[in-house]
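Data block below; observations after.
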Amino acid sequence: MKYRTTLAKIISVFTYIVLTFSVLALLGIVLAVKRQASVTRSFSTREQEKDAHVYEESLKKMEATVEATAAGSLAAKARDPRLAAMTQEDLVYEVLKDCYDPEIPLNVVDLGLIYEVKASVDAVNVKMGLTSPACPSGAVIAEDIKTKLSDAGFPNPKVEVVWEPVWSPQRISEAGRKALGI
């Protein structure tokens, strides 16, 4: 009998502790959400519309600039007789010279980010590195490469980001060094 009474007391204390911690945890969550809600800025519909309008205008200007630059660049290259004598891989490198790292004013070829190019009749495979594993522009650069190759008529462009060999400033071409002033 004494054993059951002691067991009942232990169970009731345990239940009390569990309920107390549950209530405290729930209270902590509610307070954290309230605190975050007071810190996080909520935009009004008008502010959201203004942001969308600014974004659309910026996007239009960027597209116009890219189209004007690409049209002039492709027109100049179309008249270049040395392109007729190039291999498919060399032509890919020429297209990649129009792809830039958004953080460094240098094309990906001269920056030394392109490690390997394989061009076949039905696909183009590019292996590229990044200046750093933490580089936030890797996906943007890869998409730009795919778009430029596709626009130039290369079928099924694929870009693989590789980490071996590790990129270093020694990979920058001589022309790239001059452009960067190093």
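The values are calculated or read from the model by the stated rules, or taken from the named source; none is laboratory data. Predicted model only: the values in this text are computed from it and were never measured. Virtual Cβ from ideal backbone geometry, glycine too; neighbours counted across all protein chains shown. Note: accessible area is taken over every heavy atom of the protein model, side chains too, but ligands, DNA and RNA are not part of it. Shrake-Rupley method; radii C 1.70, N 1.55, O 1.52, S 1.80 Å.
For every residue, the table says whether it meets (1) in contact with a helix residue (DSSP H, G or I) (Cβ under 7 Å, 6 or more places away or on another chain); (2) closer than 23 Å to THR87 by Cα; (3) among the aliphatic types (A, V, I, L, M).
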| site | (1), (2), (3) |
| --- | --- |
| VAL108 | yes, yes, yes |
| VAL126 | yes, yes, yes |
| ALA142 | no, yes, yes |
| PRO169 | no, no, no |
Starting from residues that are modelled with pLDDT of 70 or more, among the hydrophobic types (A, V, I, L, M, F, W, C) and surrounded by 12 or more Cβ atoms within 10 Å (Cβ to Cβ), keep the ones in the range 47-101 and report whichever is farthest from ALA179 (Cα to Cα). MET86
Exactly one condition in (1) over 18 Å from the mean Cα position of the chain (by Cα); (2) over 22 Å from GLY176 (Cβ atoms); (3) surrounded by fewer than 18 Cβ atoms within 10 Å (Cβ to Cβ) is false for GLU116; which is it? (2)
LEU130 passes all but one of (1) open to solvent by less than 40 Å² (accessible area, probe 1.4 Å); (2) in a helix (DSSP H, G or I); (3) not aromatic (Phe, Trp, Tyr); which number fails? (2)
Please enumerate the residues belonging to the range 154-168 that are under 21 Å from the mean Cα position of the chain (by Cα) and not small (Gly, Ala, Ser). ASN156, PRO157, LYS158, VAL159, GLU160, VAL161, VAL162, TRP163, GLU164, PRO165, VAL166, TRP167
(1) within 28 Å of GLU63 (Cβ to Cβ); (2) open to solvent by 60 Å² or more (accessible area, probe 1.4 Å); (3) of a type in the set (Gly, Ala, Ser) all hold for GLY181 apart from (1)
Quick one: GLY138 ticks every box in (1) open to solvent by 70 Å² or more (accessible area, probe 1.4 Å); (2) of a type outside the set (A, V, I, L, M); (3) without any contact (Cβ under 8 Å) to a residue 24 or more places away in the chain bar one, so which box is it? (1)
ALA179: touching a residue at least 12 places away in the same chain (Cβ under 8 Å), outside any loop (DSSP other than H, G, I, E, B) and closer than 20 Å to GLU89 by Cβ, yes or no? no
Taking the range 153-176 and keeping only residues that are in a helix (DSSP H, G or I), among the small types (Gly, Ala, Ser) and surrounded by 14 or more Cβ atoms within 10 Å (Cβ to Cβ), one is left with GLY176
Out of curiosity, is ASP110 surrounded by 12 or more Cβ atoms within 10 Å (Cβ to Cβ), under 18 Å from the mean Cα position of the chain (by Cα), within 26 Å of GLN88 (Cβ to Cβ) and among the acidic types (Asp, Glu)? no
Of the conditions (1) within 19 Å of THR87 (Cβ to Cβ); (2) surrounded by fewer than 18 Cβ atoms within 10 Å (Cβ to Cβ), SER150 clears all except one; give me its number. (1)
